[in-house]
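Asks: Can you read through this structure? Questions will come right after.
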Amino acid sequence: MFFSIIIPLYNRPVEIKELLQSLLDQQYQDFEVIIVEDGSRNKADHIIDQFKDRLDVHYFFKENEGQGFARNYGFERAKGDYFIVFDSDIIVPSDYLLKVKAGIEKDGLDAFGGPDAAHPSFTAIQKAISYSMTSPFTTGGIRGNKKHVGQFHPRSFNLGISRRVWEQTGGFKLSRRSEDIEFSIRMINSGFKVGLIPDAFVYHKRRTSFAQFYKQTHSFGKGRIDIYKMYPAELKPVHALPSVFVLGLVVLFMINVINLLTMNGIYILSLLGTLGNCLLLLYTIMLFLHALITCRSLKVAVLAVVAAFTQLIAYGSGFISQYSKQLLYPEKKNS
């Protein structure tokens, strides 16, 4: 089995160096690497040149169109039986390809996805964000862990497809935002066997600040509505939970303000405020304790609470704003 590893790249030369360095250590050696620079201003060609005598690596530069179409560009030039897509901000364990090969052969998969984890070298914020993205107390259960909710949809930071899938589907239809979910749904609807290989994990840096993390997860929330418009059956009640969380925070804030102004003079609002505050405190404590046990670091556990609230608020507000824009108050089309 020969693998073609496809990596779209945009203004991240430092990250691609770490990724390529990790690929040098792969125990399974039958692979090539195709890097597609998607119109970057800060190009990485000088970094890739450092690996050409140690890896079968091919570098291409194209105009910026988005990561989905950059991957298609790589597919068109790939020689492999199987194509593996990585984001540029990951590190690959040395036995990754061995586990992928075993998983494909064991389950007869046409396409797969794998989970992600935090590397010991990651910063405390990166570890906290990694926890938040995989935690059962946030949206981790719907993003493809071992106990994911519903049909598994591979995500593009760690995704593989057979050459036959590429030839029959044509790859990504969307250039950005939820392009991986749309592709996964289309693969499944085309009759291909798609599954999770739980042991084929990668170390995923994701974002290095909470501001970047907010922007990313806000886009995820918007993207869920985009997917709903294309595939209405794919929107489940669980996808709306972050939005319920956001609305609950807004209502609780308003109740607390009214109680403060009236000195708890309205009994029902006072009762609701007390109940809401207790539930929010209980959730925060449970989140903190689970993060502390999982990450084994007090600092990371504290930051994990911040990351979780950032994720839920960003995803939920993105979901609400796109729902309002696309479904409640759609723009009138010009006649």
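The values are calculated or read from the model by the stated rules, or taken from the named source; none is laboratory data. Since we're looking at a predicted model, the values are computed, not measured. All Cβ positions, glycine included, derive from the backbone under ideal geometry; neighbour counts span all protein chains shown. Areas reflect the complete protein model, heavy atoms only, side chains present, ligands, DNA and RNA absent. Shrake-Rupley method; radii C 1.70, N 1.55, O 1.52, S 1.80 Å.
Asks: Can you give the helix-only mean residue ellipticity at 222 nm for the chain, where every DSSP H stretch with n ≥ 4 adds -39500 (n - 2.57) and the sum goes over all residues, rounded to the nearest 500 deg cm²/dmol? If you can, show how the numbers build up before the last one.
Replies: Numbers: 11 runs with 165 residues, N = 335.
That comes out to -16000 deg cm²/dmol.
Asks: Lys/Arg Cβ at +1, Asp/Glu Cβ at -1, dipole of the chain taken about the Cα centre: which of P136, Y82, F172 is farthest positive-ward?
Replies: P136
Asks: With r as the distance between the Cβ atoms of S297 and F253 and R0 = 22 Å, compute the FRET efficiency 1/(1 + (r/R0)^6) and round to 0.05. Provide the component values of the computation, followed by the final result.
Replies: Values: r = 31 Å, r/R0 = 1.39.
For F253 and S297, the calculated efficiency is 0.10.
Asks: Now for a different question. Under 16 Å between C-alpha atoms is the cut-off here; go through segment 1-156 and count lysine pairs that meet it, provided they're at least eight residues apart or on different chains.
Replies: Details: K17/K43; K17/K52; K43/K62; K99/K146.
Step by step, the pairs that qualify in segment 1-156 add up to 4.
Asks: Then there's this: Expressed in nm², what is the orientationally averaged projection area of the convex hull enclosing the Cα positions of the chain? Working shown, then result.
Replies: Values: hull surface 81.0 nm².
If I average the Cα hull's projected area over directions, I get 20.3 nm².
Asks: Okay, next question. Less than 15 Å Cβ to Cβ from L292, Lys/Arg counted +1 and Asp/Glu -1: what total charge do the surrounding residues give?
Replies: On the way: positive: K127, R296, K299; negative: none.
In short, +3.
Asks: Moving on to the next point. Mind checking the angle between helix 210-230 and the chain's longest principal axis? C-alpha axes, 0 to 90 degrees, to the nearest 10.
Replies: Once rounded, the angle reads 80 degrees.
Asks: Give the aspartates and glutamates reachable from K236 as a straight Cα distance under 14 Å; neighbours fewer than 8 places away on the same chain don't count.
Replies: D226
Asks: Right, another one. From the square roots a ≥ b ≥ c of the eigenvalues of the alpha-carbon gyration tensor of segment 194-335, which class results: rounded (a/c under 1.5), prolate (a/b over b/c), or oblate?
Replies: Values: a/c = 2.23, a/b = 1.12, b/c = 1.99.
In terms of gyration-tensor shape, oblate.
Asks: Answer with one residue from V246, P93, T310: the one whose Cα lies farthest towards the positive end of the charge dipole of the chain, charges on Cβ with Lys, Arg +1 and Asp, Glu -1.
Replies: V246
Asks: With +1 on each Lys and Arg Cβ and -1 on each Asp and Glu Cβ, how big is the dipole of the chain about its Cα centre, in debye rounded to the nearest 20?
Replies: Numbers: 38 positive and 30 negative charges, 188 e Å.
I would put it at about 900 debye.
Asks: Of G191, G265, V300, whose Cα points farthest to the positive end of the dipole of segment 191-320 (charges on the beta-carbon: +1 Lys, Arg; -1 Asp, Glu; origin at the Cα centre)?
Replies: G191
Asks: Now, a different point. Quick one: Cα centre-to-centre distance for segment 213-231 and segment 5-53, in angstrom?
Replies: For segment 213-231 versus segment 5-53, the Cα centre distance is 28 Å.
Asks: How would segment 1-133 be classified by its alpha-carbon gyration tensor: rounded, prolate or oblate, with rounded meaning a/c under 1.5 and the a/b versus b/c comparison settling the rest? Write out the running numbers ahead of the final one.
Replies: On the way: a/c = 1.43, a/b = 1.07, b/c = 1.34.
Verdict is rounded for segment 1-133.
Asks: Gain in length, N277 to S121, computed as 0.36 nm per residue apart minus the alpha-carbon separation, to one decimal in nm? Before the final figure, lay out the partial values.
Replies: On the way: separation 156, 0.36 × 156 = 56.16 nm, distance 3.67 nm.
Going from the current span to full extension adds 52.5 nm.
Asks: Order M286, M187, most accessible first, counting only protein heavy atoms with a 1.4 angstrom probe. Let's see the in-between values first.
Replies: Working: M286 85, M187 0 Å².
Ranking M286, M187 by accessible area, largest first, yields M286, M187.
Asks: Taking the Cα centre of segment 141-275 as origin, sum charge times position over the Cβ atoms of Lys and Arg (+1) and Asp and Glu (-1), and report the length of that vector in debye to the nearest 20. Walk me through the numbers on the way to the answer.
Replies: On the way: 19 positive and 7 negative charges, 82 e Å.
It comes to approximately 400 debye.
Asks: Residue by residue through segment 125-137, which ³J(HN,Hα) values in whole Hz follow from phi under the Karplus form 6.51 cos²θ - 1.76 cosθ + 1.60 (θ = phi - 60°), with glycine and proline marked x?
Replies: Karplus-based 3J(HN,Hα) across segment 125-137 equals 5, 5, 5, 5, 5, 4, 4, 4, 6, 10, 7, x, 8 Hz.
Asks: Still on this structure: For T284, T294, write out the residues from largest to smallest accessible area, computed with a 1.4 angstrom probe and no ligands counted. Numbers along the way, then the final one.
Replies: On the way: T284 40, T294 80 Å².
The most accessible residue leads, giving T294, T284.
Asks: Sticking with this structure for a sec: Please give the per residue accessible area of the chain, computed with a probe of 1.4 Å over protein heavy atoms only, in Å². Don't jump to the answer; show the numbers that get you there.
Replies: On the way: 16120 Å² over 335 residues.
Per residue, the chain has 48 Å² of solvent-accessible surface.
Asks: Among the aspartates and glutamates, select those whose C-alpha is under 15 Å from the C-alpha of K222, and discard any that sit fewer than 8 residues away in the same chain.
Replies: Partners within reach: E179, D180, E182, E234.
Asks: Set the Förster radius R0 to 35 Å, insert the Cβ-Cβ distance between D107 and A233 as r into 1/(1 + (r/R0)^6), and round the FRET efficiency to 0.05.
Replies: Working: r = 25 Å, r/R0 = 0.71.
Between D107 and A233 the formula returns 0.90.
Asks: Okay, next question. For the chain, find the longest principal axis of its Cα atoms and tell me its angle to the long axis of helix 96-107, 0 to 90°, nearest 10.
Replies: 90 degrees
Asks: Report, in degrees rounded to the nearest 10, the 0 to 90 angle that the Cα long axis of helix 267-295 makes with the longest principal axis of the chain.
Replies: Result, in degrees: 30.
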